[in-house]
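The values are calculated or read from the model by the stated rules, or taken from the named source; none is laboratory data. Nothing here was measured: the structure is a model prediction, and the numbers come from that model. Don't worry about glycine lacking a Cβ; one is built from the backbone with ideal geometry, like all the others, and counts go over all protein chains shown.
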Amino acid sequence: MAISALTFPGSHNASNLKVFILMNMTIMEGPDRVLTHPAIFGDPSLSSYERGGGYKGLRRVLSALSPADVIAEIKDSGLRGRGGSGFPTALKWEKVANHRVPVRYVVANGSEGEPGSHKDHYLISRSPHQILEGMIIACFAVSAKSAHLFIKESFPEGVKILKKAREEALAAGLLGNNILGTPFSVDIEIFVGPAAYIAGEETALLEALEGRPPPAPAETSLLPDRNGPVSQANRRQ
Ligand SMILES: Cc1cc2nc3c(=O)[nH]c(=O)nc-3n(C[C@H](O)[C@H](O)[C@H](O)COP(=O)(O)O)c2cc1C
């Protein structure tokens, strides 16, 4: 979830905590740092997040920067996605911003189907506003009017936390119409999607958002036009 690191420029400082103990797990800080800000340990409330400096980034963006400024700053930061491939975040945003289409969307992938992976789980549980703030800034940068945060149905506690955070942000004027009194408006849908591992793959995730079920290769044959679905092939035997 690339957007998550946006609001804490200080997190690139090498003097930050090197090792975190989360319950019985140890997360090492290495060249590919994740969860490197102490605010992650706070409670998920808006007040706790703001006490740790949360939403200052958004305030600065909306009061002083243009969308191009934001993308340039993200480019300079070297921020990369944490969805697996480490794709440079600014390149993705720039592409969307420059695409000549009337409507743009921001989609955040909170699926986290990879066994043993917990970074998104912790972000959602401990710092949901960090995700929302990053998404709002991403929307501003690419001129999107709506955004969708995908979370899988098998993480109901996370769904509850995200929905509550969204309500808090709406009530505080940080989300919705005329955010912080500016002309910029955007809302974020908390989309509860299938728990299937493949649903975390971005094109399958977009299909799920559009209402189509995730692909099931075991139920469709190779070259289905020629061979038909597996179930038909079985019936022929
Ligand atoms: C089978 C498969 C499952 C994936 N599952 C996830 C996932 O659970 N969460 C995730 O963020 N990315 C997942 N990805 C990667 C996404 O397709 C996409 O590259 C990623 O969300 C981009 O994240 P970024 O913007 O942080 O780079 C998966 C990819 C594949 C091929």
Within the range 89-118, of all residues that are within 9 Å of the ligand (Cβ to nearest atom) and in contact with a Lys or Arg (Cβ under 9 Å, 6 or more places away or on another chain), the one nearest to Ile188 (Cα to Cα) is Gly110
Is it the case that some residue within the range 140-151 is under 26 Å from Glu73 (Cα atoms), assigned to a helix (DSSP H, G or I), in contact (Cβ under 8 Å) with a residue 12 or more places away in the chain and touching a Lys or Arg at 6+ places or on another chain (Cβ under 6 Å)?
-> yes
Leading residue by the ranking (nearest to Leu58 (Cα to Cα)) among those in the range 179-237 that are among the polar types (S, T, N, Q) and at pLDDT below 75 = Thr220
Check Ile124, Ile136 and return the single one that is within 14 Å of the ligand (Cβ to nearest atom), not in a loop (DSSP other than H, G, I, E, B) and not polar (S, T, N, Q).
-> Ile124
Please enumerate the residues belonging to the range 84-104 that are hydroxyl-bearing (Ser, Thr, Tyr) and surrounded by fewer than 16 Cβ atoms within 10 Å (Cβ to Cβ).
-> Ser85
Restricting attention to the range 43-65, does a residue exist that is modelled with pLDDT of 70 or more and on the phi > 0 side of the Ramachandran plot?
-> yes
Residue in the range 63-72 that is within 11 Å of the ligand (Cβ to nearest atom) and surrounded by 15 or more Cβ atoms within 10 Å (Cβ to Cβ) present = no
